Amino acid sequence: MFQYRLLKILAPSEPTHMDGSAYANRSKLEVLLGKALLDEVRGKDVLDFGCGSGAEAVELARVAGSVYGLDISERLLAEARARAKAANVEDRCTFGVVPPAKPIDVIVSIDSFEHFGDPEGILATMHGLLRPGGRIVTSFGPTWYHPYGGHLFSVVPWAHLVFSERALIRWRDDIRSDGATRFSEVEGGLNQMSIRRFERIVGRSPLRLVHLETVPIRRLGRVHTRLSREFTTSIVRCVLEKPA
């Protein structure tokens, strides 16, 4: 009860520190995955895994041979289809809740691996969807030990580590009433993904690790090391490959 009351004082309404404004008038794909991504997918069959409302899928469709956006939310997929139609790419940019039947050259996934309920199973699924030599290009974060790794629950830095899950869920119930009782049950889900856990999952997968980069929080770059990275990393960038 004390923790709940303190949370109500700290955040009487929903926090706005993760409202997406950092990407205003900017390409989220370019910011998170780099300018070279569009050249890499040019003319190829691409899967946007966890496509949301389709902004990135539509951007990819301007250069890719085909793009399939996969998501579990029918509401978001409806928005994605309308977005593709407005951009005149609906002939090569399609969406659905079931993975595509044809093999894929490149799977792109952003802001997703900290949300998947079964990330190890997701990697296995991705492996099965790729052609031999195909690649997964992903970026995700904030990871669990980031100051705002609790997403909505991080009402102040590291609140999700200081306050109990029970108190945070009770505080969230005053804002959103979807019946969630654990972090993993909230809309989108939170799987408490750390950098070390992700590395272990990748190590157990049949995929080859090509590149993994922990991008430091801008203000903490000077203290960003192998030892401190769980607490000082902004996002994780990773490239995985299916052996030919």
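Coordinate-derived values only; no laboratory data. Computed from a predicted model, the values in this text were never measured in an experiment. All Cβ positions, glycine included, derive from the backbone under ideal geometry; neighbour counts span all protein chains shown.
Tabulated data
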| item | result |
| --- | --- |
| The chain: most fluctuating residue of E56, E230, E74 per GNM, C-alpha cutoff 10 Å | E74 |
| DSSP-assigned coil residues among GluC sites (Glu not before Pro) in segment 108-212, each with at most 11 further Cβ atoms within 10 Å | E187 |
| 5 angstrom amide H check on L130, placed H, neighbours 5+ away | I104 |
| Calculated SAXS-style log₁₀ I(q)/I(0) at q = 0.18 Å⁻¹ - segment 145-244, Debye, Cα scatterers | -0.93 |
| Fraction of beta bridges assigned by DSSP in segment 89-244 that are antiparallel (%, nearest 5) | 70 |
| ³J(HN,Hα), Karplus 6.51/-1.76/1.60, whole Hz, each residue of segment 150-159, x for Gly, Pro | x, 6, 4, 6, 7, 5, 9, x, 6, 4 |
| Percent RCO, i.e. relative contact order, over segment 92-244, from Cα pairs under 8 Å lying at least 6 residues apart | 29 |
| Student exercise, segment 75-163 dipole from Lys, Arg, Asp, Glu Cβ charges, in Debye to nearest 20 | 320 |
| Ordering of 189-197, 235-243 by burial proxy (mean other Cβ atoms within 10 Å per residue, highest first) | 235-243, 189-197 |
| Net charge contributed by nearby residues that have their C-beta within less than 13 Å of D91 (K/R +1, D/E -1) | +3 |
| Among (i) 56, 40, 33; (ii) 58, 36, 32; (iii) 60, 39, 34, the entry that matches Cα extents along the principal axes in Å as calculated here | (i) |
| Footprinting exposure proxy for V156, V67 (fewest neighbouring C-beta atoms within 10 Å first) | V156, V67 |
| Amide H within-cut-off set for C51, under 5 Å, with H built and near neighbours excluded | L70, D71 |
